[in-house]
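Okay, structure first, notes after.
A short reminder: the numbers here are calculations on the coordinates, not readings from a lab. Nothing here was measured: the structure is a model prediction, and the numbers come from that model. Every residue, glycine among them, receives a Cβ derived from its backbone with ideal geometry; neighbour counts consider all protein chains shown.
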Amino acid sequence: MDRTPLAPILRRATSSLVDAGVASPRTDAELLAAHVLGIGRGRLALVDTVRADEAGRLDELIARRAQRVPLQHLIGSAAFRHLELAVGPGVFIPRPETELLAGWGIEHTAPGATVVDLCSGSGAIACAVADETLAGRVIAVERSPEALVWLRRNAGDAVEVIEADVTDPALLRELDGAVDVLLCNPPYVPDGTRVPAEVIVHDPLEAVFGGGDGLAVIRPVIALAARLLGTGGALGLEHDDTQGSAVPGLLRADGRFTDVTEHRDLTGRPRFATARRR
């Protein structure tokens, strides 16, 4: 069977993705090659040649990535902390910066704790908490029927999935004052903000944009958190990098939270706020 050297294929693929404006062209080309070959990216250095059908499949995937189809849609999964989450059309692709919020939540989850993840999407935060802690109960709340397909697939038996709108004033009434940790990565991008092509075409816009100031969902989430959290309960809330003052300000103005703290991501930008229930 004819075989083709892999190195020039990767060079052409990288060049194609550079021309298309993809942010990480070499990385994406290598990840797609590893996906086609069924190996880890680190093992590509051991591969000299590929079959003609493998080269053809890689060319197809590179062409789709050049059209700005998200890498995760092409591969069918997204890495998040220690997990590989199933993702695809209809669900927001978890971002690396959200791992920081999940990590904070994991650090504050004691054995037996009740944890709620609002606007759960693919279930990234909830599944990470269930995977890395001894929480007694992890609940993921999501309203989108399309996202729920992926959430239920990722949740398995480890996470309870609830189909509901986080702005519903009656949501989880049975847990009033009984939640230990509440985490949320809501839609928070202010309307009209320019976003990458992958986002505007392939991410569900209701999971991205949060009204004129980006706080349309954050405000009711703060009120809900105040109702659900028990005394000393921990709240972690991701936000836009333009909201580093606004979100902590909302938490302080509510009056039911203490220890309000702003956290930055690895680039130094404001990324999430945390607080304790008084």
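Relative to the Cα centre, what is the charge dipole magnitude of the range 134-203, using +1 at the beta carbon of each Lys and Arg, -1 at the beta carbon of each Asp and Glu, and rounding to the nearest 20 debye? Before the final figure, lay out the partial values.
On the way: 6 positive and 13 negative charges, 28 e Å.
In total the dipole reaches around 140 debye.
What is the antiparallel percent of DSSP beta bridges lying wholly in the range 89-277, to the nearest 5?
In the range 89-277, approximately 35 percent of DSSP beta bridges are antiparallel ones.
Quote the convex hull volume per residue of the chain, based on C-alpha atoms, as a whole number of Å³.
131 Å³
Rounded to the nearest 500, what is the 222 nm mean residue ellipticity of the chain from helices alone, with -39500 (n - 2.57) per DSSP H run of 4+ residues and division by all residues?
Computed ellipticity for the chain at 222 nm equals -11000 deg cm²/dmol.
Given a Förster distance of 35 Å, report the FRET efficiency between SER77 and ALA178 from their Cβ-Cβ distance, rounded to the nearest 0.05.
0.55
Please report the spacing between the Cα centers of the range 171-225 and the range 32-47 in Å, no decimals.
The range 171-225 and the range 32-47 have Cα centres spaced 36 Å from each other.
What list of ³J(HN,Hα) values in whole Hz, one per residue of the range 3-10 in order, does the Karplus curve 6.51 cos²θ - 1.76 cosθ + 1.60 (θ = phi - 60°) give from phi, with Gly and Pro shown as x?
10, 10, x, 6, 4, x, 5, 5
For the chain, give the magnitude of the charge dipole about the Cα centre (Cβ charges: +1 Lys/Arg, -1 Asp/Glu; no others), in debye to the nearest 20.
Value, rounded to 20: 400 debye.
May I ask you to derive the FRET efficiency for ARG153 and LEU266 from their Cβ-Cβ distance with R0 = 30 Å, giving the value to the nearest 0.05?
For R0 = 30 Å, the calculated efficiency reads 0.55.
Filter the trypsin sites (Lys or Arg not before Pro) in the range 86-159 to those in DSSP coil with at most 15 other Cβ atoms within 10 Å of their Cβ, and list the result. Please list the in-between numbers first.
Working: sites: ARG137, ARG143, ARG152, ARG153; in loops: ARG143.
Here no trypsin sites (Lys or Arg not before Pro) fit, given the DSSP loop and packing criteria.
When N is the residue count of the range 61-175, what does its C-alpha Rg come to as a fraction of 2.2 N^0.38 Å?
Cα-based Rg divided by the globular estimate yields 1.10.
Take every Cα-Cα distance within the range 3-67, group them into 10 Å bins from 0 onward, and report for each bin the whole-number percent of pairs it holds.
With 10 Å bins starting at 0, P(r) equals 24, 60, 16.
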